[in-house]
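Reviewing the structure listed below.
The values are calculated or read from the model by the stated rules, or taken from the named source; none is laboratory data. Being a predicted model, the structure only gives us computed values, none of them experimental. Note: ideal-geometry Cβ built from the backbone for every residue, glycine included; neighbour counts use all protein chains shown.
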Amino acid sequence: MKQPPVYLMDVGAICALGSNLDRISERLYRADPDCLSWSGQFSHGHSLPLGMVGTDLPPPENLPAHQRSRTNQLLLAAMQPIRSQFDNLRQGIDPLRIGVVIGTSTSGIAEGETDLATHLETGSWPQRFDYQRQEMANAASMLADLLGIQGPAMVISTACSSGAKALASARRLLRANLCDLVVAGGVDSLCQLTVQGFSALEAISDRPCLPFSANREGINIGEGAALFLLSREPGPVCLSGVGESSDAHHFSAPHPQGDGAASAMSRALEDAQLEPGDIGYLNLHGTATRQNDLMESRAVARVLGTEVPCSSTKGYTGHTLGAAGAIEAMFCWLSLTHPKPALPPHLWDNCRDLELEPINLVLEADQGTTDREPLKRAMSNSFAFGGNNISLIMERTGQ
């Protein structure tokens with residue numbers, strides 16, 4: 001039986017590029033190289049480039065004490081611009097048939113770190129300490145409480161694929177007729193756990209990351225959130241393909257030949273009933289680590305060939321971990337709905353690594369060409385620890 005289509009009706013987002021879609025779009029398409037901020041806040045004073053959100057966030061005081069975290073503030077900021085659309089779409093829908101699916105890996109850990117430091121110094125926990133803030137389910141519970149949602153409310157925490165997995169799970173809830181409307185996306189906030197953790201893996205770069213460059217040295221950590229409204233009602237973008245795989249090659253390293261990544265991309269094409277040549281743009285996972293970029297270039301060349309325009313957007317946002325899959329799906333959504341043909345440019349130093357497959361990176365100079373057709377279909381890759389891989393395909397509908 002043919003599955004009903006599921007649409008991405010609207011999206012709200014916040015990241016190092018900005019706190020609204022207009023600002024994010026403006027900086028993205030002009031390839032703003034100055035989006036990252038230098039800070040030693042999460043690395044014991046050692047200054048690192050980070051994808052920090054610098055704008056004011058909604059105050060947490062209106063939330064219950066156990067939901068007051070920067071992670072939830074980022075979610076509130078992403079929800080604000082789509083709240084009226086959500087309220088319109090929910091009209092006539094039983095609250096039991098509205099769901100929330102959030103991808104995250106940090107929850108309220110940053111606040112827990114601060115409280116733990118106080119405990120180590122004084123021997124007592126501060127009055128504000130509440131362990132519930134650190135629970136992974138906290139983000140979804142907060143949104144469900146805020147929006148009066150009584151349907152499924154869950155968090156997916158599969159490291160760097162979490163945000164994309166949330167969109168895939170939301171589509172399943174709608175196709176299974178368990179929900180009629182789902183709020184889904186990803187969120188993560190900066191904290192010592194992630195910055196120091198990736199430093200321990202020797203994956204952090206001391207300078208802005210350079211995905212697919214011969215000079216790449218590793219990732220920059222970032223924070224942010226992106227929330228989509230998903231429905232079976234026709235909308236501007238269809239989530240037409242989902243491909244998932246688990247190569248389980250290594251705890252933290254991907255399969256060197258990109259077998260799991262290639263499998264996810266192929267399954268997404270099969271799910272969307274498309275051919276490789278139908279994809280007009282690919283948002284690469286593109287972390288700027290030696291192994292990830294090498295394997296992804298091999299997977300892309302194997303599945304899509306070397307002509308499809310592609311770029312990594314982590315130079316603008318840093319690697320936002322659990323939020324990355326949703327934020328990068330948002331970049332695809334922007335390009336699919338953009339009034340003029342435009343693709344996210346790839347930030348780098350123009351030094352190709354000859355060991356990589358010669359994939360077709362979108363350079364700043366490519367923007368504004370008059371012969372480019374409006375983007376019809378885009379794919380977004382997200383690859384996580386343990387070989388947990390997902391590829392999403394989105395299509396412009398003209399709605």
query: Residues in the stretch 31-46 that are within 24 Å of Trp348 (Cα to Cα) and either touching a residue at least 12 places away in the same chain (Cβ under 8 Å) or part of a strand (DSSP E or B) (or both): how many?
result: 8
query: Is the stretch 287-304 home to any residue that is in contact with a strand residue (DSSP E or B) (Cβ under 8 Å, 6 or more places away or on another chain), more than 25 Å from Asp247 (Cα to Cα) and of a type outside the set (Ser, Thr, Tyr)?
result: no
- prompt: Among the residues of the stretch 123-137, which ones are outside any helix (DSSP H, G or I), surrounded by fewer than 15 Cβ atoms within 10 Å (Cβ to Cβ) and out of contact with any Leu (no Cβ under 9 Å at 6 or more places or on another chain)?
  reply: Gly123, Ser124, Pro126, Gln127, Arg128, Glu135
- request: Just one of (1) under 21 Å from Ala342 (Cβ atoms); (2) under 19 Å from the mean Cα position of the chain (by Cα) trips up Arg30, so point out which.
  value: (2)
Given (1) of a type in the set (A, V, I, L, M); (2) modelled with pLDDT under 95; (3) surrounded by 19 or more Cβ atoms within 10 Å (Cβ to Cβ), index of the condition Leu120 fails: (3)
message: Restricting to the stretch 230-250, name every residue that is within 13 Å of Ala329 (Cβ to Cβ) and either of a type outside the set (Gly, Ala, Ser) or under 17 Å from the mean Cα position of the chain (by Cα) (or both).
response: Leu230, Val237, Cys238, Leu239, Gly241, Val242
- request: Read through the list (1) buried (at least 19 other Cβ atoms within 10 Å of the Cβ); (2) of a type in the set (S, T, N, Q); (3) under 30 Å from Asn72 (Cα atoms), then give the number of the only condition that Ser263 fails.
  value: (3)
- prompt: Scanning the stretch 13-27 for residues that are touching a residue at least 12 places away in the same chain (Cβ under 8 Å) and either more than 17 Å from the chain's Cα centre (by Cα) or in a strand (DSSP E or B) (or both), which turns out surrounded by the fewest Cβ atoms within 10 Å (Cβ to Cβ)?
  reply: Arg27
- prompt: Quick one: in the stretch 152-165, which of the residues that are hydroxyl-bearing (Ser, Thr, Tyr) and assigned to a helix (DSSP H, G or I) is surrounded by the fewest Cβ atoms within 10 Å (Cβ to Cβ)?
  reply: Ser162
task: State whether the residues of the stretch 223-233 include one that is within 21 Å of Gln67 (Cβ to Cβ) and among the acidic types (Asp, Glu).
output: yes
message: Tell me the residue from Ala168, Ala184, Ala225, Ala140 that is out of contact with any Leu (no Cβ under 9 Å at 6 or more places or on another chain), outside any loop (DSSP other than H, G, I, E, B) and buried (at least 21 other Cβ atoms within 10 Å of the Cβ), please.
response: Ala140
task: Consider only pairs whose beta carbons are under 9 Å apart and that are at least six residues apart or on different chains; among these, list those whose first residue lies in the stretch 132-150 and is over 9 Å from Asn72 (Cα atoms) and whose second residue is of a type in the set (Lys, Arg) and surrounded by fewer than 24 Cβ atoms within 10 Å (Cβ to Cβ).
output: Arg133/Arg68; Leu147/Arg83; Leu147/Arg90; Gly148/Arg90; Ile149/Arg90; Gln150/Arg97
message: Could you tell me how many of the residues in the stretch 126-160 are polar (S, T, N, Q), over 25 Å from Ile93 (Cα atoms) and touching a helix residue (DSSP H, G or I) at 6+ places or on another chain (Cβ under 6 Å)?
response: 3
- line: Selection from the stretch 298-326 of residues among the polar types (S, T, N, Q) and over 20 Å from the mean Cα position of the chain (by Cα) yields Thr306
- prompt: Is it true that Ser312 is polar (S, T, N, Q), farther than 16 Å from Gly12 by Cα, out of contact with any helix residue (DSSP H, G or I) (no Cβ under 9 Å at 6 or more places or on another chain) and at pLDDT 95 or above?
  reply: no
message: Against the definition (within 15 Å of Ile390 (Cα to Cα), touching a helix residue (DSSP H, G or I) at 6+ places or on another chain (Cβ under 6 Å) and part of a helix (DSSP H, G or I)), how does Ala268 come out, yes or no?
response: no
- line: Residues in the stretch 316-360 that are buried (at least 24 other Cβ atoms within 10 Å of the Cβ), among the polar types (S, T, N, Q) and in a loop (DSSP other than H, G, I, E, B) total 1
task: Residue by residue through the stretch 361-377, note down the ones that are in a loop (DSSP other than H, G, I, E, B) and either surrounded by 17 or more Cβ atoms within 10 Å (Cβ to Cβ) or modelled with pLDDT of 80 or more (or both).
output: Val362, Leu363, Gln367, Glu373, Pro374, Leu375, Lys376
- line: Checking Ser199, Ser245 in turn, the sole residue that is of a type in the set (Ser, Thr, Tyr), in contact (Cβ under 8 Å) with a residue 60 or more places away in the chain and part of a strand (DSSP E or B) turns out to be Ser245
